[in-house]
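Trainee: Right, I'll just put the structure down here and ask away after.
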Amino acid sequence: MLAKRIIACLDVRDGQVVKGVKFEGLRSAGDPSALARRYNVEGIDELVILDVTATLEKRLAMARTVRAVASELFIPLSVGGGIRDADDAAAVVEAGADKVSLNSAALADPGLITRLATQYGSQAVIVAIDAKREGDHYAVYSRSGTTAAARDAVEWAREAESRGAGEILLTSIDRDGTKSGFDCEMTAAVSTAVNIPVIASGGAGSFDDFVDVFTTGRADAALAASIFHYSEKSVTGLKEHLRRHAIPVRL
Amino acid sequence: MIALVDYGAGNLTSVRKAFSHLGASVYTPASPADLAPATAVVVPGVGHFSATRSLTPEWHTAIRAGLAAGRPLLGICVGMQWLYEGSTEAPDCPGLGVVPGQCTRLTGGPTRLKVPHVGWNTLEAPKDSHLLRGLGGHSSVYFTHSFAGPVNAATAAVTEYGGERFAAAVEDGLAMGLQFHPEKSSDAGLTILGNFLERVAALAAVSR
């Protein structure tokens, strides 16, 4: 049976893992390679490296960090943050990324999704959508949550799929870093609208939050950062909890 | 030396890295003639089956001749699909045909699961093959694909998705294939690649 994936996100700035609350107030959580090794031993299914400040500071995600993390890791590795064009994508792919995650660049130039899918295959292209509730819909924001993109998250996810995206990484800006649970309604709305996997992100605070997002949220995978970084909760413990709730996981 | 065939179907960094990690030396042949020094041939690949069109009849001939001469072949993902006669994804594009049957699109089954099939799934009752030796009864490996090959006599392991069963691994003599990505399948994947390299080394020792 296909397992629900647990993905750890390393938000990296200047080569160090940081994590903020609602995209602000970053505090350090350590060396990305060391964290990646720990998660791998604990049985994480996948890793994402996000250069959280790259878009704002116009920097390319650090190939050196990617290479260091990828060197002894044999699980899927995605890299996002500041990937503006095919050259940026090529740099992280050459450094060892299996998937590139596009956010602001895809909004600015949706054709980039297709170009990268043609070059590397759809399985290598994630479109990351940062969204927050506004009335009865979910509004997409770009540039690390600072700029309204004047798009609806469900519509944008559908368009990304039709343009060749292989997965959607959906982050709730409202819940990010708050540990108040995933936005299951938003996740279900997007996940049922597309035929590609949706990775839920933003708000993980307890093991039961993951149970909720895999059931009512209809998520194919769930991503978390702070819940794992400070060793508050172990990946193994989470998976055992999910299994007790009849959710298929890789143990 | 392992010949890793680069025919433009995606990025080979991860496959190369996994083989290097296991101590194998890997090179990329520029033409079928460059296969001569290879102790084994690996055909990776992601994306669309039509990419295998770059594997011209000359590649087919050289790879088949290698198999006949005792040189193992490993296809990964689209590279495994290419071992079949073809795929409905690109009907005009012939596969190598060392495994019978056509690859077809996954349906997602009656519950209409999503296609592509992405993530970790289990190998059911893997046959006691060279490739899968030492794996537990329900090893998890990482898949990402929309098409798959039918289960038949060459099948070494089956995986189920939405009630549909497809060949997750094939092994017929020296022709071997993996629908999943061993280079992304953690310890289980490294065990499988290690088994492949062990077999390659044993055959190379015999032929010397």
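The values are calculated or read from the model by the stated rules, or taken from the named source; none is laboratory data. Predicted model, so just to flag it, every value in this text is computed and none were measured. Here Cβ is always computed from backbone atoms with ideal geometry, including for glycine, and neighbour counts include all displayed protein chains. Side chains included, ligands, DNA and RNA excluded: accessible areas come from the protein's heavy atoms. Shrake-Rupley method; radii C 1.70, N 1.55, O 1.52, S 1.80 Å.
Trainee: Among the residues of the stretch B:123-130, is there at least one that is within 8 Å of chain A (Cβ to nearest Cβ) and part of a loop (DSSP other than H, G, I, E, B)?
Mentor: Narrowing the stretch B:123-130 to residues within 8 Å of chain A (Cβ to nearest Cβ): none.
Checked against the condition, which is being within 8 Å of chain A (Cβ to nearest Cβ) and part of a loop (DSSP other than H, G, I, E, B), the stretch B:123-130 yields no hits at all.
Trainee: May I ask you to list the residues in the stretch A:122-165 that are assigned to a loop (DSSP other than H, G, I, E, B) and surrounded by 24 or more Cβ atoms within 10 Å (Cβ to Cβ)? Write out each step before concluding.
Mentor: First pass over the stretch A:122-165, keeping only residues assigned to a loop (DSSP other than H, G, I, E, B): A:135-136, A:143-146, A:163-165.
Hit for the stretch A:122-165 is A:Ala165, nothing else.
Trainee: Name the one entry in B:Asp172, B:Asp187 that is more than 12 Å from chain A (Cβ to nearest Cβ) and either open to solvent by 10 Å² or more (accessible area, probe 1.4 Å) or farther than 25 Å from B:Leu12 by Cα (or both).
Mentor: Details: B:Asp187 fails: more than 12 Å from chain A (Cβ to nearest Cβ).
After applying the criteria, what remains is B:Asp172.
Trainee: Also: Quick one: B:Gly109 ticks every box in (1) among the small types (Gly, Ala, Ser); (2) farther than 18 Å from B:Ala157 by Cβ; (3) more than 14 Å from chain A (Cβ to nearest Cβ) except a single one, so which number is it?
Mentor: B:Gly109 satisfies all of (1) among the small types (Gly, Ala, Ser); (2) farther than 18 Å from B:Ala157 by Cβ; (3) more than 14 Å from chain A (Cβ to nearest Cβ) except (3).
Trainee: Here's another thing I want to ask about it. Could you tell me whether any residue of the stretch A:5-14 is over 15 Å from the mean Cα position of the chain (by Cα), at pLDDT below 85 and away from chain B (no Cβ under 14 Å)?
Mentor: In the first step, residues of the stretch A:5-14 are kept if they are over 15 Å from the mean Cα position of the chain (by Cα); the result is A:13-14.
Restricting the remaining residues to those that are at pLDDT below 85 gives A:13-14.
Retained after the next criterion (residues that are away from chain B (no Cβ under 14 Å)): A:13-14.
Checked against the condition, which is being over 15 Å from the mean Cα position of the chain (by Cα), at pLDDT below 85 and away from chain B (no Cβ under 14 Å), the stretch A:5-14 yields at least one hit.
Trainee: Now, a different point. Please verify whether B:Thr159 is surrounded by fewer than 22 Cβ atoms within 10 Å (Cβ to Cβ), more than 8 Å from every other protein chain (Cβ to nearest Cβ) and among the β-branched types (Val, Ile, Thr), treating the condition exactly as stated.
Mentor: Details: surrounded by fewer than 22 Cβ atoms within 10 Å (Cβ to Cβ): no; more than 8 Å from every other protein chain (Cβ to nearest Cβ): yes; among the β-branched types (Val, Ile, Thr): yes.
Judged against the criteria, B:Thr159 is not a match.
Trainee: Next question. Look at the stretch A:171-204 and say how many of its residues are out of contact with any Asp or Glu (no Cβ under 7 Å at 6 or more places or on another chain), crowded, with 20+ Cβ neighbours inside 10 Å and not small (Gly, Ala, Ser).
Mentor: Going through the stretch A:171-204 one residue at a time, the tally reaches 4.
Trainee: Residue under question is A:Val100, and the condition is that it be open to solvent by less than 10 Å² (accessible area, probe 1.4 Å), closer than 30 Å to B:Asn121 by Cα, assigned to a strand (DSSP E or B) and more than 11 Å from chain B (Cβ to nearest Cβ); does it hold?
Mentor: Judged against the criteria, A:Val100 is not a match.
Trainee: Do we have B:Val15 as within 14 Å of chain A (Cβ to nearest Cβ), aliphatic (A, V, I, L, M), in a helix (DSSP H, G or I) and touching a residue at least 40 places away in the same chain (Cβ under 8 Å) here? Working first, answer last.
Mentor: Details: within 14 Å of chain A (Cβ to nearest Cβ): yes; aliphatic (A, V, I, L, M): yes; in a helix (DSSP H, G or I): yes; touching a residue at least 40 places away in the same chain (Cβ under 8 Å): yes.
For B:Val15, the condition - within 14 Å of chain A (Cβ to nearest Cβ), aliphatic (A, V, I, L, M), in a helix (DSSP H, G or I) and touching a residue at least 40 places away in the same chain (Cβ under 8 Å) - is met.
Trainee: Return the residue satisfying two criteria in turn: it lies in the stretch B:2-34 and is hydrophobic (A, V, I, L, M, F, W, C) and over 18 Å from the mean Cα position of the chain (by Cα), and of such residues it is farthest from B:Arg105 (Cα to Cα). Working first, answer last.
Mentor: Applying the first criterion (hydrophobic (A, V, I, L, M, F, W, C)) to the stretch B:2-34 yields B:2-5, B:9, B:12, B:15, B:18-19, B:22, B:24, B:26, B:30, B:33.
Still in the list and also over 18 Å from the mean Cα position of the chain (by Cα): B:30, B:33.
Details: B:Ala30: 31, B:Ala33: 34 Å.
Across the stretch B:2-34, the extreme among qualifying residues is B:Ala33.
Trainee: For the stretch B:82-116, what are the residues that are among the basic types (Lys, Arg) and part of a loop (DSSP other than H, G, I, E, B)? Walk me through how you get there before you give the answer.
Mentor: Of the stretch B:82-116, the ones among the basic types (Lys, Arg) are B:105, B:112, B:114.
Result: B:Arg112, B:Lys114.
Let's see how each residue does on (1) over 17 Å from A:Glu46 (Cα atoms); (2) touching a residue at least 40 places away in the same chain (Cβ under 8 Å):
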| site | (1), (2) |
| --- | --- |
| A:Arg67 | no, no |
| A:Leu77 | no, no |
| A:Gly82 | yes, no |
| A:Asp88 | yes, no |
| A:Ala91 | yes, no |
| A:Glu94 | yes, no |
| A:Asp98 | no, no |
| A:Leu107 | yes, yes |
| A:Gly111 | yes, yes |
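Trainee: In addition: B:Gly95 versus (1) within 14 Å of chain A (Cβ to nearest Cβ); (2) touching a residue at least 40 places away in the same chain (Cβ under 8 Å); (3) of a type outside the set (Lys, Arg): which is the lone unmet condition?
Mentor: Every condition holds for B:Gly95 apart from (1).
Trainee: Looking at B:Pro116, B:Pro150, can you tell me which residue is surrounded by fewer than 23 Cβ atoms within 10 Å (Cβ to Cβ), within 14 Å of chain A (Cβ to nearest Cβ) and touching a Gly at 6+ places or on another chain (Cβ under 8 Å)? Show your work before the answer.
Mentor: On the way: B:Pro150 fails: within 14 Å of chain A (Cβ to nearest Cβ).
So the residue among B:Pro116, B:Pro150 that is surrounded by fewer than 23 Cβ atoms within 10 Å (Cβ to Cβ), within 14 Å of chain A (Cβ to nearest Cβ) and touching a Gly at 6+ places or on another chain (Cβ under 8 Å) is B:Pro116.
Trainee: Could we say that B:Ser25 is within 11 Å of another protein chain (Cβ to nearest Cβ) and not hydrophobic (A, V, I, L, M, F, W, C) here? Steps first, please.
Mentor: Numbers: within 11 Å of another protein chain (Cβ to nearest Cβ): no; not hydrophobic (A, V, I, L, M, F, W, C): yes.
No: the conditions fail for B:Ser25.
Trainee: Taking the stretch B:82-140, which residues are of a type in the set (Lys, Arg) and more than 24 Å from B:Ala51 (Cβ to Cβ)?
Mentor: So in the stretch B:82-140, the residues of a type in the set (Lys, Arg) come out as B:105, B:112, B:114, B:127, B:133.
Within the stretch B:82-140, B:Arg112, B:Lys127, B:Arg133 meet the criteria.
Trainee: Does B:Lys114 meet the test of being among the charged types (D, E, K, R), free of Cβ contacts under 8 Å to residues at least 12 places away in the same chain and touching a Pro at 6+ places or on another chain (Cβ under 7 Å)? Can you show your working first?
Mentor: Values: among the charged types (D, E, K, R): yes; free of Cβ contacts under 8 Å to residues at least 12 places away in the same chain: yes; touching a Pro at 6+ places or on another chain (Cβ under 7 Å): yes.
The answer is yes for B:Lys114.
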